[in-house]
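The values are calculated or read from the model by the stated rules, or taken from the named source; none is laboratory data. Please read all numbers here as calculations on a predicted model, not as lab measurements. Note that each Cβ is placed from the backbone with ideal geometry, even for glycine, and that neighbours are counted across all protein chains shown.
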Amino acid sequence: MPAIKYDEIYLDLKKKILNGTYAYESLLPSEHRCEKIYGVSRNTVRRAIKKLEAEGYVLSRHGLGVKVIFQMFASSLYVYDPVESFDAFGYRYHLNVTTKLLMMTTITADENIVLQSGFKLGEEILLLMRLRLIDDQPVILEINMLKKDVYHRLDQRQAQESLTRYLEDHGHRLKACSYDVSSETASDLDRQYVNAQASIMQIVRKHLYDQESVLIDYTEVRALPNLFRFHHNIIV
């Protein structure tokens with residue numbers, strides 16, 4: 001099936017979400033129904049839906065269908081690259097942004113962390129939890145797992161300000177950054193720190209590698225949906 005067909009389905013579904021044909025919290029037509037509507041295979045339908053899900057428009061739940069989670073806001077979406085500092089992001093949009101450091105502690109990578117992050121078993125990890133705010137309103141909960149022997153000089157002030165600036169100041173060069181974006185059910189931490197009524201969050205999982213292709217940073221950016229478009233940037 002030509003790629004254009006999958007793009008056409010994605011664009012048509014997106015248009016109908018934006019114009020309210022498929023309203024917030026409604027369900028998209030089933031995969032079987034979409035096959036009939038567009039005259040394509042189920043895999044092609046799934047590719048289109050997967051792209052909508054990655055951009056925060058819908059949420060797929062096995063056995064329950066595909067739910068529209070996009071809501072129109074008065075303000076436009078912000079483009080944000082989690083590699084840049086949050087202060088730099090705020091400067092670009094003339095926003096009053098702040099960061100609160102909620103946690104800073106050292107842990108040892110166990111099997112769960114290895115599966116979640118990609119760090120090696122037994123590796124020392126510096127664990128941070130930071131809350132990002134716009135006009136004193138929480139919008140992002142960020143969880144950072146950092147390779148301890150790279151970030152061993154990091155203090156609380158630097159952790160609150162910019163991890164990227166810390167790397168630059170200490171001469172660490174980056175090789176690559178990979179992103180995975182999805183929409184997921186809000187966790188207890190999301191509801192505790194970001195929004196008590198949150199049901200869906202947009203999640204960015206970021207892996208940052210140094211010049212030797214060693215993983216030095218695994219980060220989860222857990223954002224309120226529809227406020228941000230996350231810019232996928234590969235560093236070389």
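Can you find a residue that is surrounded by 12 or more Cβ atoms within 10 Å (Cβ to Cβ), part of a loop (DSSP other than H, G, I, E, B) and among the hydrophobic types (A, V, I, L, M, F, W, C) anywhere in the stretch 120-136?
No, every residue in the stretch 120-136 fails to be surrounded by 12 or more Cβ atoms within 10 Å (Cβ to Cβ), part of a loop (DSSP other than H, G, I, E, B) and among the hydrophobic types (A, V, I, L, M, F, W, C).
Can you name the number of the only condition in (1) β-branched (V, I, T); (2) touching a helix residue (DSSP H, G or I) at 6+ places or on another chain (Cβ under 7 Å); (3) outside the structural domain of K147 (by TED's automatic domain parsing) that I37 fails?
(2)
Does at least one position in the stretch 43-60 carry a residue that is part of a loop (DSSP other than H, G, I, E, B) and farther than 16 Å from F230 by Cβ?
Taking the stretch 43-60 and keeping what is part of a loop (DSSP other than H, G, I, E, B), we get 55-57.
After this cut, where a residue has to be farther than 16 Å from F230 by Cβ as well, the list is none.
The answer is no; no qualifying residue exists.
How many residues are in contact (Cβ under 8 Å) with a residue 40 or more places away in the chain, surrounded by fewer than 18 Cβ atoms within 10 Å (Cβ to Cβ) and under 23 Å from M201 (Cα atoms) if we restrict to the stretch 27-46?
Number of matching residues: 1.
Within the stretch 30-48, which residues are within 27 Å of the chain's Cα centre (by Cα) and within 12 Å of D12 (Cβ to Cβ)?
V45, A48
Which pairs have Cβ atoms under 9 Å, sit 6 or more apart or on different chains, and link a residue in the stretch 82-101 that is without any contact (Cβ under 8 Å) to a residue 40 or more places away in the chain to one that is among the hydroxyl-bearing types (S, T, Y) and exposed (fewer than 15 other Cβ atoms within 10 Å of the Cβ)?
Going by the 9 Å Cβ cut-off, the qualifying pairs are V97/Y91.
Would you check if N195 is farther than 22 Å from E123 by Cα, modelled with pLDDT of 90 or more, part of a loop (DSSP other than H, G, I, E, B) and of a type outside the set (D, E, K, R)?
Numbers: farther than 22 Å from E123 by Cα: yes; modelled with pLDDT of 90 or more: yes; part of a loop (DSSP other than H, G, I, E, B): yes; of a type outside the set (D, E, K, R): yes.
Yes.
Just to check your reading of the model, which residue among Y193, Y179, Y218 is within 14 Å of I143 (Cα to Cα), under 14 Å from the mean Cα position of the chain (by Cα) and either surrounded by fewer than 16 Cβ atoms within 10 Å (Cβ to Cβ) or in the same structural domain as G90 (by TED's automatic domain parsing) (or both)? Full working, then the answer.
Working: Y193 fails: under 14 Å from the mean Cα position of the chain (by Cα); Y179 fails: within 14 Å of I143 (Cα to Cα).
None of the other options fit; the residue is Y218.
In the stretch 102-119, what residues are surrounded by 15 or more Cβ atoms within 10 Å (Cβ to Cβ) and either free of Cβ contacts under 8 Å to residues at least 24 places away in the same chain or touching a Gly at 6+ places or on another chain (Cβ under 7 Å) (or both)?
Hit for the stretch 102-119 is A109, nothing else.
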